Amino acid sequence: MEPATRLDQNHELSLRELPYIIRWRDDRCTRCGRCTAVCPVNAIEAAPHVHRRVFSEGSAPNPKAQREIVHVVRQVTDIDRYCTGCGACTLVCPNEAIEPEYNPRHKFLTYKNRGGVPFRRGGRRNDPNPSTVDQLKFTRISMLTDPALDAGRHEFRIRTLLGRNLPPEQLPLKACRGKMVVSKGDGFIPPVREIYPIRIGSMSIGALSPHMWEGLAMGVAYLNEVEGMPVVMCTGEGGIPPRLLKSRFARYFILQIASGYFGWDEIVHAIPEMTEDPAAIEIKYGQGAKPGDGGLLMAYKVLKLIAQIRGVPEFVDLASPPTHQTKYSIEEAVAKMIQSMSMAWGFRVPVYPKISGTKTAMAVLNNLARNTYAGALCIDGEDGGTGAAYNVSMDKMGHPIASNIRDCYLNLVAQGKQNELPLIAAGGMGKTGNLAANAAAMIMLGASAVDMGKHIMQAAAWCFGDEYNRCNLCNTGRCPRGITTQDPRLYRRLDPDKVAERVVEVFKAADVELRKIFAPLGRSTELPIGMSDALGVADREIAGRLQISHVV
Amino acid sequence: MCRLCAITSSEYFSPMENILALNTMKEGHDGSGLGLVLKDLGGEFGKFKGQPILSGVASSKGLRDLDNYMYAQGFEEIHMWQPNVDESAPEPETGRRDHYFAKVYEYPQLYRDRKQKEQEELLLEARLALRELGEEDESIFVFSFYPDVVTLKEVGDPLELGRFFRLGDGSLEARIILAQGRQNTNYDIYLYACHPFFLQGYCTMTNGENTAFVPIMEFLTSRGFPGYVGYNSDSEVFAHILHYTHRQLGYPLTYYKDVITPLSEREIDTRADGEALRLMRRSLRPLCIDGPNCVIGFTPDGTAFMVQDAKKLRPGIVGGVPGKYALVSEECGLDEAVPERDKTQDFSPMKYDMAIVAPGARTLTRWNQLNTK
């Protein structure tokens, strides 16, 4: 009989409680140790097991039992070292001996609150179902009166406008001998940029590793300077390397200011030395992945470089407040902030706020609609990602982007301001890999542009994350791909040149796909913003809500 | 695809000239309708240059309602044209309607000395009210209410309709006539879906498919101008864009081309008026037609024009002699309309071109977006 102490394991978890279970094959494993070395959470470890081996020697059967010690790879059941399913072990295994398997019956969240601290992670909403945007199809194909366009040969202008477009009635134009001329000094003309309609959304240097950020930036510069595609990317909250800011490449970047104002002391001081204006200024009021939460950069990610760029001491937690501390009412404070930021660059740079998707988006929208200095409104839906947040915020908070953008667009149409204030849709673009289709659908619902974050991390840097809470370790600084870490041992795994190459590939492929979508619809000269008659969906409820065709 | 024939002349001519030209292009229209807009009228309207003419179709009940409304508004009917129908000719496809009419009115007393803009507002208001009055039971269709302009629309083959209405009898003549032979595609055969479309002196007809119809319609209807309604056809927006850019915004006619088929940023840099053009392109972005379309129209001063976008694979053609030009969708129609012209001077406007025929059909100008000196 076993001693009583051996049975008393009531306060331990079994593997069945965990979201991923390691399948390890004794017969294939060479005990090289690579998997245990690479595991970012130490979920597996080499362990000795005592095996009872039965063998027989000689010509006649003569079974004998022998106990021997063997080394195995064992998964631990410590909730703080749970297997995240990232699969780095599988990747490095030379012999296909190990693989994490998703356990759909796990009870992980029931236990992952040790110390009274709820589960925190990086990543995205854990919802593997296709989003509304992913269900939309393009059903209006030019067939009858004129043939569809040739996506490969026709000239396409896939561009959009970032910044406020004056209503035609307010343009300071006058006719002079058959020509229209601009009457100088006749009112304020807001700055507008012509950009590519898919942007790289805000991801900070700090949240991202130096190699990742550098790779994205190089890719964007290449797209602009070599491919002639005016792609822009947003810095996220955390500044921008001063050398880059003072370079000619600054025009490809949208500088984000958020509630922590990190990096802005450095930016403000660099303004006199800047040779190019930035693409725009984004004022972050909210984030789709974690509405109501501010940004958070954990202390162990605040290394020397990050501390310098952000203008803070090393190794301190950098938490941005959930709201701007100067903001006490949207009417005044947002307007003032937009105006202040505009003023900093002599009113030459579009300034716009980014908010999380919300039922109250319309109130913000209507405020901006009346503010001459507001350059756009970016709405970040519930499928957005983040580097660090409470699981509950990510899984349960937020608003789907499709109806949010549609409502806002139709509201602008009712006011006749649909071209005046561009809407930018973010959150879940390319969630299932259909970047161009998602972008086109959002554009036809009324967005002028879309932002992507997770998609480019996955597509350009091989990020493991998915909607089954796979990996999602961005907040720990132990990203196994070297994307969201400041640990040189990890980020050296990521080659910035390869990231840049992939960024270019992603955009060029999306560009071809956008043509493949726009060509059959017969659109090529201007972006089909609000061309809702091109959309169809099999779900009647969605069709009714978005005011598009119901097709079955 | 709809077949189009516009003729502009220094002399009055019969709409049968347009209809015969449409007939040569019959391969391309299915005879599902005829639309006619006549401007600068002769014939029996020659003496009513300043008074507004209400054109439409109505049932007997509808006509009574219409008369009651006009009387109540203070309009005084001074003349009425009705086609001298040929009883032996085949009737229109959807059956003969009770009344086809063009009534000339005297302005209400209060409006006789008002400015033109105020009078135009009154006419628009009356037309829209009449439209609303007879739209549900289809008892009244009113197509235009404007001085010196008559509109006639009916379902059926253009040539048969021309004979049925006896349009060659000399009672209807004009110096500019736009005619469309309808190819029914996207919409039900419905009189309000039949172009040419007319609004306050501006008129266009179009063939092709307007792929950007919904955003354009949403933009126009949100301008706050009461006349931007209807849109039973995706072609109606072309007339309203013309009205909006030329009348409401005050842009010269050539900018209509720049608005509906905007240049790229790089091309704009080559234009002397690039700065204005860039602002215009941005602010009027939703009005880019994105085609493929060929648009033929006229403005209040009698200038006729043709434009098309880059996707229009089979362009329309303009040709003629000083004193008579035709703007048509097919060359055979041009041969019928102005056979005596020098064919080498025919002009098919391409991607960047706009063909402009001066009032009185004096000259044909080939305007190019990239070469605007």
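Against the 2.2 N^0.38 Å scaling, with N counting residues, where does region A:39-82 land? I'd like the Cα-based Rg ratio to two decimal places. Spell out each step's value before the answer.
Values: Rg = 16.9 Å, N = 44, 2.2 N^0.38 = 9.3 Å.
Working it through for region A:39-82, the quotient is 1.83.
Which of A:184/A:246; B:117/B:324; A:516/B:311; A:396/A:431; A:284/A:359; A:174/A:417 have a Cα-Cα distance over 27 Å?
A:184/A:246; B:117/B:324
Calculate how large, on average over all directions, the projected area of the Cα convex hull of region A:280-361 is; give the answer in nm² to one decimal. It would help to have the intermediate numbers written out before the result.
Details: hull surface 25.9 nm².
For the Cα atoms of region A:280-361, the hull's average projected area reads 6.5 nm².
Can you give the three extents of the C-alpha atoms in chain A along their principal axes, from longest to shortest, in whole Å?
114, 61, 42
Stretch residue B:78-residue B:267 to full length: gain in nm at 0.36 nm per residue minus the Cα-Cα span?
62.7 nm
Would you please give the FRET efficiency between residue A:154 and residue A:540, computed as 1/(1 + (r/R0)^6) with r the Cβ-Cβ distance and R0 = 30 Å, to the nearest 0.05?
Computed FRET efficiency for residue A:154 and residue A:540 comes out at 0.30.
If packing is taken as the average number of other Cβ atoms within 10 Å across a peptide's residues, how do B:261-272, B:14-25, A:434-445 rank, most packed first?
A:434-445, B:14-25, B:261-272
Residues with beta-carbon under 11 Å from that of residue A:289, excluding residue A:289: net charge, scoring Lys, Arg +1 and Asp, Glu -1?
Residues near residue A:289 contribute 0 overall.
So in chain A, which Cys have no other cysteine's beta-carbon sitting under 4.7 angstrom from theirs?
Cys with no partner Cβ under 4.7 Å: A:29, A:32, A:39, A:83, A:93, A:176, A:234, A:378, A:408, A:463, A:474, A:479.
Taking a virtual spin label 7 Å from the Cα of residue A:332 along the C-beta vector, which residues in region A:353-370 bring their backbone nitrogen under 12 Å of it?
Taking a point 7 Å out along Cα→Cβ of residue A:332, no residue of region A:353-370 has its backbone N under 12 Å.
Let's test the formula: R0 of 25 Å, r as the Cβ-Cβ distance of residue A:497 and residue A:248. What FRET efficiency results, to the nearest 0.05?
That pair, residue A:497 with residue A:248, gives E of 0.75.
How many times 2.2 N^0.38 Å is the alpha carbon radius of gyration of the protein assembly as shown?
That ratio works out to 1.18.
Taking Cα pairs under 8 Å and at least six residues apart, what relative contact order does chain A come out at, in percent?
19
Based on the Cβ-Cβ distance from residue A:107 to residue B:232, what FRET efficiency comes out when R0 is 56 Å, to the nearest 0.05?
Values: r = 60 Å, r/R0 = 1.08.
After rounding, the FRET efficiency stands at 0.40.
In chain A, carbon and sulfur make up what percent of the accessible area (probe 1.4 Å)?
So the carbon and sulfur contribution to the accessible surface is 51 percent.
Could you work out, for region B:3-368, what percent of all Cα-Cα pairs fall into each 20 Å distance bin, beginning at 0 Å and stopping at the bin that holds the largest distance?
Per 20 Å bin, starting at 0, the Cα pair percentages come out as 31, 60, 9, 0.
Please determine, in degrees from 0 to 90 and to the nearest 10, the orientation of helix B:60-73 with respect to the longest principal axis defined by the Cα atoms of chain B, where the helix direction is its Cα long axis.
80
Please give the length that would be gained between residue A:66 and residue A:276 if that part of the chain were fully extended, namely 0.36 nm times their separation in residues minus their C-alpha to C-alpha distance (nm, one decimal).
Taking residue A:66 through residue A:276 to full extension adds about 67.9 nm, to one decimal.
Probe radius 1.4 Å, ligands and nucleic acids left out: can you give me the accessible area buried at the B-A interface, summed over both chains, in Å² to the nearest hundred?
Working: alone 15010 and 25940 Å², together 36990 Å².
The summed interface area works out to 4000 Å².
Take region A:385-527, drop everything but the C-alpha atoms, weight them equally and run the Debye formula without solvent; then report log10 I(q)/I(0) at 0.16, 0.18, 0.19, 0.20 Å⁻¹ to two decimals.
Each listed q maps to, in turn, -0.97, -1.11, -1.17, -1.23.
When the Cα centres of region A:182-212 and region A:418-473 are compared, how far apart do they sit, in Å?
After rounding, the separation between the Cα centres reads 17 Å.
Which whole number gives the average count of other chain Cβ atoms within 10 Å of the Cβ atoms across peptide B:270-278? Could the numbers behind the result be given before it?
Details: counts 0, 1, 2, 7, 1, 6, 11, 4, 3.
Per residue, the average neighbour count from other chains is 4.
Place a point 7 Å from Cα of residue B:128 in the direction of its Cβ. Which residues in region A:398-442 have their backbone N less than 15 Å from it?
No residue passes the distance filter.
Going highest first, how would you order A:388-397, A:18-27, A:232-241 by mean Cβ packing within 10 Å? Provide the component values of the computation, followed by the final result.
On the way: A:388-397: 19.9, A:18-27: 17.7, A:232-241: 25.4.
Top of the packing list down: A:232-241, A:388-397, A:18-27.
The values are calculated or read from the model by the stated rules, or taken from the named source; none is laboratory data. Since this is a predicted model, take the numbers as computed values, not measurements. Here Cβ is always computed from backbone atoms with ideal geometry, including for glycine, and neighbour counts include all displayed protein chains. Note: accessible area is taken over every heavy atom of the protein model, side chains too, but ligands, DNA and RNA are not part of it. Shrake-Rupley method; radii C 1.70, N 1.55, O 1.52, S 1.80 Å.
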